[in-house]
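Each reported figure results from applying straightforward, stated rules to the coordinates on display, with no laboratory input. Predicted, not measured: the structure shown is a model, and the values here were computed from it. Cβ sites come from the backbone with ideal geometry, for glycine too, and all protein chains shown count toward neighbours.
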Amino acid sequence: MKKCLIVYSDYYKEISKNILNGALSVLKKNKVQFETYCVDGSFEIPQLINIILKKNKKYSSAIALGCIIKGQTPHFNIISKTISDSIMSLSLKYNIPISNGVLNCLSLSQAKIRSSKNKNKGIEAAKALISVLKNLK
């Protein structure tokens, strides 16, 4: 069975840990094998996914996990859109489902809520991926 590639950013370590653990709990529950890779910032997530998928055909799916918090400049909008567009492009390029679990939050408190047990973006991303994989069988 092929594996799921998980690439996550640990720029906001507490947030990243929570969403990664959420995603892993869903994958383990559904008996999906996975490998994880970490990058410093969310912008690098699609770059690493592309490099790994280009070099290695052992992955049948991927999950991108990270967190971007809005600051005082337009940087947030540019990075958020670029990551989302890149993830979709990679999914189409490699013909595999890639779930987008990168949080785009207006504040750190909002990010903490979106990475909590009750509303965890990692859980949502992994469940979305599982739903696509079930349709491919």
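Given charges of +1 on the Cβ of Lys and Arg and -1 on the Cβ of Asp and Glu, with all other atoms neutral, how large is the dipole of the chain about its Cα centre, in debye to the nearest 20? Before the final figure, lay out each step's value.
Working: 22 positive and 7 negative charges, 131 e Å.
Using only the charged Cβ atoms, the result is roughly 620 debye.
Tilt of helix 75-94 relative to the longest C-alpha principal axis of the chain, in degrees (0 to 90, nearest 10)?
Helix 75-94 sits at roughly 10 degrees to that axis.
Using alpha-carbon pairs under 8 Å, 6+ residues apart, how would you state the relative contact order of the chain in percent?
It rounds to 32 percent for the chain.
Quick one: 3J(HN,Hα) in Hz for the stretch 30-42, Karplus 6.51/-1.76/1.60 with θ = phi - 60°, rounded, Gly and Pro as x.
So the Karplus estimates, Gly and Pro as x, are 9, 6, 9, 6, 8, 9, 10, 9, 10, 10, 5, x, 5 Hz.
Order 77-90, 51-64 from most to least packed using the mean count of other Cβ atoms within 10 Å.
Values: 77-90: 15.6, 51-64: 17.4.
The peptides rank, most packed first, as 51-64, 77-90.
From the P(r) of the stretch 3-136, could you give the percentage of C-alpha pairs in the tail past 21 Å? All intermediate terms of the calculation are to be shown ahead of the outcome.
Values: 3059 of 8911 pairs.
Percentage above 21 Å: 34.
Calculate one ³J(HN,Hα) per residue across the stretch 56-63 by plugging θ = phi - 60° into the Karplus curve 6.51 cos²θ - 1.76 cosθ + 1.60, and present them in order as whole Hz with x for glycine and proline.
9, 9, 7, 9, 10, 6, 8, 10
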